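Engineer: Right, I'll just put the structure down here and ask away after.
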Amino acid sequence: MKAYLANGLFSLGDRFVNEQLAAAIRDAVPGIALYVPQENEAINDKSAYADSLAIAQADLEMLQDSDVLIAVLDGVEIDSGVAAEIGAFSMLNRPIIGVLTDVRQQGRDNMQKIEALIRDGLENQFVYRNLFVVGLIKRNGVITSSIEEAVKAIQKLQNGEAS
């Protein structure tokens with residue numbers, strides 16, 4: 001199985017999440033060929049130079065060659081590069097596993113939170129993600145809420161089970 005891990009890669013937090021997620025996937029899914037863009041020094045060594053066309057070409061080739069896209073959806077908004085990768089990969093009609101670990105997913109059944117939102121839309125204590133991007137993921141995939149859930153979804157795919 002070939003997989004592509006999409007996330008931001010410029011902040012310490014993003015790079016750390018990528019390292020943790022990649023390690024968990026590689027440990028749990030023997031033989032997986034996991035592409036992690038931040039590990040591609042040819043285009044992501046920021047002390048060197050790669051233009052936009054080289055970056056797009058390298059990442060598109062890896063997307064086209066992948067069986068599954070694992071996309072981290074955390075942050076204030078979905079990273080713009082991740083959203084673009086989701087859009088491009090969705091055209092291949094292959095599975096996408098979203099990883100959204102935002103703690104604001106908790107308490108969705110808390111009536112106080114729901115009533116506060118109804119009274120005042122600015123009292124939104126829930127997470128929002130662009131519905132078009134969410135829909136692209138849900139067409140052929142699943143959104144998980146932890147690294148562990150994402151790994152299980154990949155294992156199910158590897159075993160031929162639906163996500």
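The values are calculated or read from the model by the stated rules, or taken from the named source; none is laboratory data. Quick caveat, the model's predicted, so the values are computed rather than measured. Heads up, the Cβs are rebuilt from the backbone with ideal geometry, glycines too, and the neighbour counts pull from every protein chain shown. Keep in mind that these areas ignore ligands, DNA and RNA; they rest on the heavy atoms of the full protein, side chains included. Shrake-Rupley method; radii C 1.70, N 1.55, O 1.52, S 1.80 Å.
Engineer: Using the Cα gyration tensor of segment 33-102, with a ≥ b ≥ c the square roots of its eigenvalues, what is the shape: rounded (a/c below 1.5), prolate (a/b larger than b/c) or oblate (neither)?
Structural biologist: Details: a/c = 1.85, a/b = 1.30, b/c = 1.42.
The shape class here is oblate.
Engineer: Taking 0.36 nm per residue of separation and subtracting the Cα-Cα distance, what length does fully extending Leu12 through Glu115 add?
Structural biologist: Here the segment from Leu12 to Glu115 would lengthen by 33.4 nm.
Engineer: If you don't mind, another one. Given a Förster radius of 22 Å and the C-beta distance between Asp102 and Lys138 as r, what FRET efficiency does 1/(1 + (r/R0)^6) yield to the nearest 0.05?
Structural biologist: Between Asp102 and Lys138 the formula returns 0.80.
Engineer: With a cap of 13 neighbouring Cβ atoms within 10 Å, and only residues DSSP puts in a loop, list the chymotrypsin sites (Phe, Trp or Tyr not before Pro) found in segment 54-134.
Structural biologist: Tyr128
Engineer: Something else now. How much length, in nm to one decimal, is gained on full extension between Leu92 and Ser47, taken as 0.36 nm per residue of separation minus their Cα-Cα distance?
Structural biologist: The span from Leu92 to Ser47 would gain 12.9 nm if fully extended.
Engineer: Determine which lysines satisfy two conditions relative to Lys156: a Cα distance under 20 Å, and not lying fewer than 8 residues away in the same chain.
Structural biologist: Partners within reach: Lys2, Lys138.
Engineer: Can you give the extra length, in nm with one decimal, that the chain gains between Gln20 and Glu123 once fully stretched, where that is 0.36 nm per residue apart less the Cα-Cα distance? Each step should come with its number before you reach the end.
Structural biologist: Working: separation 103, 0.36 × 103 = 37.08 nm, distance 3.30 nm.
My answer for the length gained is 33.8 nm.
Engineer: Where a Cα-Cα gap under 19 Å defines reach, which aspartates and glutamates qualify for Lys113, not counting those fewer than 8 residues away within the same chain?
Structural biologist: Straight-distance partners of Lys113: Asp102, Glu123.
Engineer: Please give the net charge around Asp102, taking every other residue with its beta carbon less than 15 angstrom from that of Asp102, where Lys and Arg add +1 and Asp and Glu add -1. Mind dumping the intermediate values first?
Structural biologist: Numbers: positive: Arg104, Arg108, Lys113, Arg129; negative: Asp14, Asp74, Glu77, Asp79, Glu149.
Local net charge: -1.
Engineer: Which value, in debye to the nearest 20, gives the size of the charge dipole of the chain about its Cα centre, when Lys and Arg are +1 and Asp and Glu are -1 at the Cβ?
Structural biologist: It comes to approximately 500 debye.
Engineer: Projecting each Cα onto the charge dipole of segment 1-136 (Lys/Arg +1, Asp/Glu -1 at the beta carbon, about the Cα centre), which of Gly8, Ala28, Ala48 comes out farthest on the positive side?
Structural biologist: It is Ala28.
Engineer: Order the following by accessible area, largest value first: Thr144, Thr101. Probe radius 1.4 Å; ligands, DNA and RNA are ignored.
Structural biologist: Values: Thr144 5, Thr101 60 Å².
Most to least solvent-accessible, the answer reads Thr101, Thr144.
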